[in-house]
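Since every read-out is calculated from the coordinates, none of them should be taken as a lab result. In this text, all values refer to a predicted model and were calculated from it rather than measured experimentally. Because the Cβ atoms are built from the backbone with ideal geometry, glycine has one as well, and the counts that use them run over all protein chains shown.
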Amino acid sequence: MALIIQLTTTSLYTSGEFSDLKIICQGHEFPVHKAILCSSSSFFRGACTVGMQEQSSGVITLHEDLAEVTVLLEFVYTGRFEVPAAKWRTWLSVLLFIVKVYVLADKYSIDLLKQKANSELQTALAAVVDEFIHIDSCNEVKEEEVWDDSSDLWIPPYKTRCVHYPMQNQWVEHILMPCIQVIYENTHDKDDLLRATVCKIEWKPYELERSWEHWADLLEQVPRYPLDYMLRCAKRH
């Protein structure tokens, strides 16, 4: 039954048939369905309530990034979460896109998407850590890129690969630290799902020593992170 419902909602999203609401984002128009959207989000339920401007006009305008809104709507209808190919330029762009979708899901009160985004972040972080620890331990970096000939983008799957990266010996400060900073700057203290995920990263002594100046900058900008990290380490042990 669940599969039949998912196939039905996917078909409605693809075709736009029986749409009774429009979402407009950056000039792009999405024909959507109140019954599906409002059952997934208290924000949209409120916007479609009698007396609201959106209810009378049948149009909701969103001012966020089009790619993020597209992923949000696709998830509501299909249950799928796919990072667009254009975001696969670097691991950092992938991680930040997932974080932004999480923040968007929080704004529009879509808890299932928040959980899915967190799961995707965990998977991507595990791949990043495994990949670059492997690179650090390699005498010779093996290049096993996957290229999209049509766009010249590197599109790797979510799994460990020893892949060439311009800053192989600086992955902590150039990938993980910016990700941590963005997470803490865009989530509130009571919403610790993503924060808990980055606090599960187990730092090696040589990583801390090699990146000490960058750590000092991170701790100055995000003083809450070391406290959260130490508390979760204490709970683990």
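Each residue of segment 22-33 in turn: what ³J(HN,Hα) in whole Hz from Karplus with 6.51, -1.76, 1.60 and θ = phi - 60°, glycine and Pro shown as x?
So the J values, rounded to whole Hz, are 10, 10, 10, 9, 6, x, 9, 10, 10, x, 10, 10.
Label points 7 Å out from Cα along the Cβ direction at Ala216 and Phe81: separation in nm?
With each label point 7 Å from Cα toward Cβ, the separation is 3.7 nm.
Report the extension gain between Ser11 and Lys190 in nm, rounded to one decimal, defined as 0.36 nm multiplied by the number of residues separating them, less their alpha carbon distance.
60.8 nm
Residue by residue through segment 185-202, what is 3J(HN,Hα) from phi via Karplus (6.51 cos²θ - 1.76 cosθ + 1.60, θ = phi - 60°)? Round to whole Hz and write x for glycine and proline.
Result, rounded to whole Hz: 6, 10, 10, 9, 4, 7, 9, 9, 4, 5, 4, 4, 5, 6, 6, 7, 5, 9.
Measure off 7 Å from each Cα along the Cα-to-Cβ vector at Ser109 and Ala35, then give the distance between these two points in nanometres to one decimal.
2.2 nm
Ile23's amide H: which non-local residues (gap 5+, or another chain) put their own amide H closer than 5 Å, with H modeled 1.01 Å from N in plane and none for Pro or chain starts?
Phe30, Val32, Ile60
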